[in-house]
Amino acid sequence: PAGNQPYRTGFHFQPPKNWMNDPNGPMIYKGIYHLFYQWNPKGAVWGNIVWAHSTSTDLINWDPHPPAIFPSEPFDINGCWSGSVTILPNGKPVILYTGINPKNQQVQNIAEPKNLSDPYLVEWTKSPLNPLMAPDAVNGINASSFRDPTTAWLGHDKKWRVIIGSKIHRRGLAITYTSKDFLKWEKSTEPLHYDDGSGMWECPDFFPVTRFGSNGVETSSFGEPNETLKHVLKVSLDDTKHDYYTIGTYDRVGDKFVPDKGFKMDSSAPRYDYGKYYASKTFYDSAKNRRILWGWTNESSSVEDDVEKGWSGIQTIPRKIWLDRSGKQLIQWPVREVERLRTNQVNLRNKVLDSRSRLEVYGVTAAQADVEVLFKVRDLEKADVMEPSWTDPQLICSRMNVSVKSGLGPFGLMVLASKNLEEHTSVYFRIFKASQNSNKYVVVMCSDQSRSSLEEENDKTTYGAFVDVNPHQPLSLRALIDNSVVESFGGRGRACITSRVYPKLAIGKSSHLYAFNYGLQSVDVLNLSAWSMNSAQIS
Ligand code: FRU
């Protein structure tokens, strides 16, 4: 990042300029990873949306190509909105995307590669049969709430299925369409799933996960649903601007998704990320047998600032995603390829962080770094007791900011910190007893941006998440720090929080990194490894 652009990232995906939102149609084809994304060719605010296109061999370094899909026909003349790629059984990738027609209705279109021997798939052709799916007088679809087709999957009857995000009044739903040939699509009478109070479902994603291990599963995989596979439904709730998921079973014959007990597809569901993270999408990486999750993080600064700096929006580092052994939650971890950017490792081992102490980590470029730390608390008995009303982790974090001491915590990392700590973003844990006489504990992870910048105008919301770990075991925290973004992973990917911050002082070489413990009990740092991160090639 140049001196006059302190907030551009060094290793996160972002276009050279202008507005970016959702990741679209991620895939691997002939060994090349493709990322398309919602992009405004004309400015740093949302509008004039095309599918911009980049390719990579490692998901970290990227080569740009011309926009793959842009408004050109009546069925997409007012915008080429989000969609997905399906790899057909003959290996050919096809795009389904939402087009905005002259009446500003949302319709679904197909585009195919012009030349399949080009691994970069630079040119795409839109079918003259478009639109393939459209709202009309008989099907009862709301023409302004009908968008974001998923990757399609093959059903038990060899017919394709795809779902489209929608709503009717306050009911969010995933409308199912089926097809034999991928061109003629028929709306199913019943949606795959719906929820009456959730509002519009944007960017749905529906995919299988294995109950055993962390490998990915191809989207059309069968398996015995209750034996080896579970299914995940994820939706982006327009009302709250967060991505939520539900784990359950896919009834293939009835074409119904049935959430497991305890899950509901609304804003009470678990989130992929408890910070800024939206419109995410997965794909199956057949080369490395894993499922990979892309997600968009927007700015926390003003539109005026976006226009002045000439860009808005980044993609998070792609994450491998899989089902936890418990079957009750997903785990995410940055793809291993990002570790190739690590350099100049610094290690601290077996340090004690006394109550109210701080330990500076020297020797890394603190504005662009990867940090992994393993904490161990000694005396869980000293944890404060949770109030029964503390059900919202974000509220716990914002009411008890980093300066509030408790029995156990806050302890964690201070990142993007200025020399005298006028500015800092703190990512930390607190551990509570579930109730007075219980031996159960609750681990809360917070990302506190309230002191991240001397600039007053930015959104400095504090985020929080519960981390489903046993605090008798060492507690891990990883932070990917990249100038204006901090991606934090608690409990080895059991809770993720992404935040955007814009320090005035703690930029470039003036940025510092600390481990800290402001709680009343001392905490052990079993191990802390930090690396400077090289910049990726993203031209
Ligand atoms: C989500 C979204 C999608 C839509 C696209 C338009 O951020 O609103 O529902 O297809 O962005 O850019």
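General observations
- Each of Glu227 and Lys376 was given a label point 7 Å from its Cα along the Cα-to-Cβ line. The distance between the two points is 4.3 nm.
- For Thr228, Thr297, order by how many other beta-carbon atoms lie within 10 Å, fewest first: Thr228, Thr297
- Estimated FRET transfer efficiency when R0 is 41 angstrom, pair Glu112-Thr461 (beta carbons, to 0.05): 0.45
- Between region 65-136 and region 504-539, the alpha-carbon centres lie 43 Å apart.
- Spherically averaged projected area in nm², based on the convex hull that wraps the Cα atoms of region 305-404: 11.4 nm²
- Whole-Hz couplings from phi, Karplus 6.51/-1.76/1.60, listed for region 235-245; x for Gly and Pro: 10, 9, 7, 4, 5, 10, 6, 10, 9, 10, 9
- Cross-link pairs exceeding 20 Å in C-alpha to C-alpha distance, out of Lys234/Lys276; Lys167/Lys187; Lys30/Lys92; Lys17/Lys504; Lys92/Lys187, comprise Lys17/Lys504; Lys92/Lys187.
- 3J(HN,Hα) from dihedral phi, region 184-193, Karplus parametrisation 6.51/-1.76/1.60, rounded to Hz, x for glycine, proline: 8, 10, 10, 6, 6, 5, 9, x, 4, 6
- For region 16-108, Kirkwood radius (reciprocal of mean inverse C-alpha pair distance, Å): 13.7 Å
- Potential lengthening between Lys92 and Arg170 on full extension [0.36 nm per residue; Cα-Cα distance subtracted]: 24.3 nm
- Whole-Hz ³J(HN,Hα) from phi, Karplus 6.51 cos²θ - 1.76 cosθ + 1.60, for region 391-408, glycine and proline x: 9, 9, x, 5, 5, 4, 5, 7, 6, 10, 6, 4, 7, 8, 7, 9, x, 10
- Additional length obtainable on full extension of the chain from Asn347 to Val253, 0.36 nm per residue less Cα span: 28.4 nm
- Shown is the FRET efficiency for Asp354 and Ser389, computed with R0 = 22 Å from the Cβ-Cβ distance and rounded to the nearest 0.05: 0.10.
- Long-range tail of P(r) for region 370-522 (Cα pairs > 19 Å, %): 49 percent
- Computed on the Cα trace of the chain, the radius of gyration divided by the Kirkwood hydrodynamic radius gives Rg/Rh = 0.97.
- Based on every Cα atom in region 209-252, Rg and the maximum pairwise Cα distance Dmax equal 12.4, 35 Å.
- Over the chain, dividing the summed -39,500 (n - 2.57) contributions of all DSSP H runs of at least 4 residues by the number of residues returns a 222 nm mean residue ellipticity of -500 deg cm²/dmol.
- Considering only Gly412, Asn78, Gly99, and ranking their Cα positions along the charge dipole of the chain that arises from unit charges at the beta-carbon of Lys, Arg, Asp and Glu, the one farthest toward the positive end is Gly412.
- With a Förster radius of 60 Å applied to the C-beta separation of Gln537 and Ser435, the computed FRET efficiency comes to 0.70.
- Extending 7 Å from Cα along the Cβ direction at Ile32 and again at Val404 yields two label points whose distance is 5.3 nm.
- Close amide H contacts of Ser312 (hydrogens built in the peptide plane, cut-off under 5 Å, sequence separation of 5 or more or a different chain): Asn18, Trp19, Met20.
No value in this document is a laboratory result; all are computed from the given coordinates. Nothing here was measured: the structure is a model prediction, and the numbers come from that model. Counting neighbours? That spans all protein chains shown, and the Cβs are built from the backbone with ideal geometry, glycine included.
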